[in-house]
Amino acid sequence: MKRRDFIRASTLAGGGMLLHANTWASLLSPAAAKKMDREVNHVFALNAFLKITSQNQVLFQVSKHEMGQGIATGMAMILAEELDADWEKVQVEFIDADLKVFQNNDMGGMSAGGSTTIMDMWLILRRMGATARQLLVRAAVQEWSIAPEKIKTQNGILTNTLTGAQLTYGQLADKAALLPLPATVPLKKETDFQLVGQPLPNKITAQVATGTYKYGIDVEVPGMLYALVARCPVHLGKLEKYDASKALKIKGVRHVVTTTAIAGAKPNGFFSVREGVAVVADSFWAAKKGRDALILDWDLGPHGNRSLQDFEKTVQEKSTRQSQPTGFVGNAHAFADLQQNDRILSAEYVYPHQLHASLETLNCTAHHQGDSCEIWVGTQAPPMMIREVAAYFKLPQDQVKIHTLPSGGGFGRRYYPDPALEAVHISKMAGNIPIKMLWTRADDFQHNFWHCYSFSRYQAGLTADKKLNAWYFKELRSYTWGAAFPFRPEISWNGYAIPNKRFDFETIQDDSPVQSCAWRSVIANAWGFGQECFLDEIAAFVGKDPYVLRQELLQENREEKVGHQFPLSSKRLRQVMELAVSKSTWHQKREKGKGVGLAVYPYLHGNSYCAQVAEVTVTNGQLSVDKMVVAVDCGRVVNPDLVKAQIEGGIVWALTALLYGGMELEKGRALRSNFHDNKLLTNAECPEVEVHFVSSEDGPFGIGELSPPSAVPAIVNAIYNATGKRIRKLPLAKDSLV
């Protein structure tokens, strides 16, 4: 394939330059491409368009999903840095999904998940910005007939250093767009960065604050009707029969259709659509009244009489069964050898189901048009949605058009394509008309996929002199990527130098009375909670300071393979831990009722490391989390303010799970219906958060899911330090601190 097939520069209608590239490799020599290919772990897709208008605007079009994490601003900063753009004139826009242009089969170029966007796009965007800058310089060379070395670029202006003459990028954009692409594209020295590393404001904040920012739920399409679905209240239940006669008499109700034809779908083992009946009407309110008027008869299926306690009893029974190791260090028969140790400690930890509770509830606008369809939605994974919609409705993939829009919170839930399947199906059944399908908050709590339930059994074998000799961890979880990626098993991210470690895993996905899926930090939440709290228990048993014990277990500079593309670095773990402790009051004496706790955990999808020291006060059974001191190694920091916001948000997220998380279930039905009975952390309950960075020339790496896995165990360990009480199951029970 020729370079021109990868990258194109062309003029914009109305004047200006459009630089479009769909692979970073096209911008490099073969040798450089091979080297950088290793550095960025096979990133091939460049997912952005850069436009420079004649009016000197720089428009960065974002193909990754913006759901409040700030990636649009972070990505724009990287591109603008190499472009030498005027940051005030840089705007971000969101583009439609296009598999041919943006998607790469190896990396899923349009998907956003695992805290990998900035990490994956770092070199791609730098190359793209540098290429555009070089085209502009060459256009200026033609204009002024001078050597390119005599031209300086800064803040979107080209300056002739011999005469002092100046031209804006916009003035040269037309000419630059007609030039051949440069053969080589040197990048800036990182010591010359002007934007990267600066705490610049988020580009979308003003729009969010003024209500002009458009989410998926704001979409209006000509001729559009509204749809609400009455779904079976129990997972795996079925629709026996229904009577829509009363619903159809309500003013504004146009159609009533079932969704049974797409129910139970599990194309990737990720999700299943519940059976239901959809009411299509002129307005949301008419659709709501119509749905309330439906007479429905459900077969509630295998979970119709099950409670959360029934499920937990099943999990307990399975947890004692022998299973094959998922991974091990040292002796493959560590479990058997564990019995030969002088002392054995055991503990069980439970991280329960959690709700996503995104402020913007699920929604999807769709128009099935016979041989094609159009979808307007906030989705983390447009490629998967296109594939699934095309497969279910027997459409060519290039006839499934997705208009991707920002969303008001995703947290992993918007990775799944089920809202699009429902919406397209309803559109088709209602006569190929555009419809907007909306979930109410009650729908969201009752029918949504919950974060997986995780049960962890830990055992530690100690020698006669109280040395940690063996570590056993068995996990049962109601969600596993193994169904979709059997070639990529993962074991928990334990970086401690313990001679024998064994990890067992057993799925309880088919036992779960609810559908489970990813949730911010996904399985690392349970791994961090159990591991860091159990290690605290071991420290207490052997009579060591928990910090000292961790230091001893992290002395060696090791890289441990944990079934992930990134090895686990004990050196990076130790560095964040020592930084967090050094910035905290760890070594100070405390008054009665006050405690301090430490936890250290990486987030290897994003290849970053985090340590947290929590300071708490427990008075008359009431917990106050006073302060969190956080140390982060996320490589080079693109925007410190955005990173701190992600760390703070993750702590609020984790503290909400600790205090108010979980989900009760009775007769297969969720027992919470809205925020009045599903409390979130309030401002008054938020601790002071202090964030420190490990200086690094590597990266940048991922940040969005880094802080939750270590926040909960740091706080729980602080509670033990203050009260002597161990917390092994979330959420915190009301009487657990009395």
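The values are calculated or read from the model by the stated rules, or taken from the named source; none is laboratory data. All values reported here derive from a predicted model rather than from experimental measurement. When we count neighbours, we look across all protein chains shown, and the Cβ atoms used for this are built from the backbone with ideal geometry, even at glycine. Please note that ligands, DNA and RNA were not included when accessible areas were found on the heavy atoms of the full protein model with its side chains. Shrake-Rupley method; radii C 1.70, N 1.55, O 1.52, S 1.80 Å.
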> If packing is taken as the mean number of other Cβ atoms within 10 Å per residue, what is the order of 616-627, 583-594, highest first?
Replying inline: 616-627, 583-594
>> Run the numbers for Gln154 and Ser673: contour at 0.36 nm per residue of separation, minus the present Cα-Cα distance, in nm.
In response: 181.4 nm
> So who's got an amide H within less than 5 Å of the one on Leu225, skipping anything under 5 residues away but keeping other chains? H placed 1.01 Å off N, in plane.
Replying inline: Ile435, Lys436
>> So for each of 155-161, 552-558 I average, over its residues, the number of other beta carbons within 10 Å; can you give me the resulting order with the highest mean first?
In response: 155-161, 552-558
>> Give me the 1.4 Å probe accessible area per residue for the chain, excluding ligands and nucleic acids, in Å².
In response: 39 Å²
> With the radius of gyration and the Kirkwood radius both derived from the Cα set of the chain, what is their ratio Rg to Rh?
Replying inline: 0.99
>> Please list, ordered by chain and number, the residues whose modelled amide H lies under 5 Å from the amide H of Asp86; skip anything fewer than 5 residues away on the same chain.
In response: Gly156
> So what J values fall out for region 596-603 if you push phi through Karplus, 6.51 cos²θ - 1.76 cosθ + 1.60 with θ = phi - 60°, rounded to Hz, Gly and Pro as x?
Replying inline: 9, x, 10, 8, 9, 7, x, 10
> Over the chain, what percent of the accessible surface lies on carbon and sulfur atoms, probe 1.4 Å?
Replying inline: 50 percent
> Which chymotrypsin sites (Phe, Trp or Tyr not before Pro) in region 393-494 pass both tests, a DSSP loop state and at most 15 other beta-carbon atoms within 10 Å?
Replying inline: Phe487
> Where the centre of each part is set by its Cα atoms, how far does region 346-385 sit from region 443-460, in angstrom?
Replying inline: 17 Å
> Hey, got a sec? Which trypsin sites (Lys or Arg not before Pro) in region 87-196 land in a DSSP loop and have at most 12 other Cβ atoms within 10 Å?
Replying inline: Lys189
> Just going by the charge dipole of the chain, with Lys and Arg at +1 and Asp and Glu at -1 on Cβ, which of Ser624, Leu162, Ser115 is farthest out on the positive end?
Replying inline: Ser115
>> I'd like the Karplus ³J(HN,Hα) series for region 405-410: coefficients 6.51, -1.76, 1.60, θ = phi - 60°, whole numbers in Hz, and an x wherever there's a Gly or Pro.
In response: 10, x, 10, x, x, x
> Over region 240-326, what relative contact order in percent results from Cα pairs under 8 Å that are six or more residues apart?
Replying inline: 33 percent
> Once you charge only the Cβ atoms, +1 for Lys and Arg and -1 for Asp and Glu, what is the size of the charge dipole of region 463-606 about its Cα centre, to the nearest 20 debye?
Replying inline: 540 debye
> In sequence order, what are the phi-derived ³J(HN,Hα) couplings for region 179-185 according to the Karplus relation 6.51 cos²θ - 1.76 cosθ + 1.60 with θ = phi - 60°, rounded to whole Hz, with x for glycine and proline?
Replying inline: 7, x, 6, x, 6, 10, 9
>> What lysines does Lys394 reach when the alpha-carbon gap must be under 23 Å and sequence neighbours fewer than 8 apart in one chain are set aside?
In response: Lys100, Lys266, Lys428, Lys436
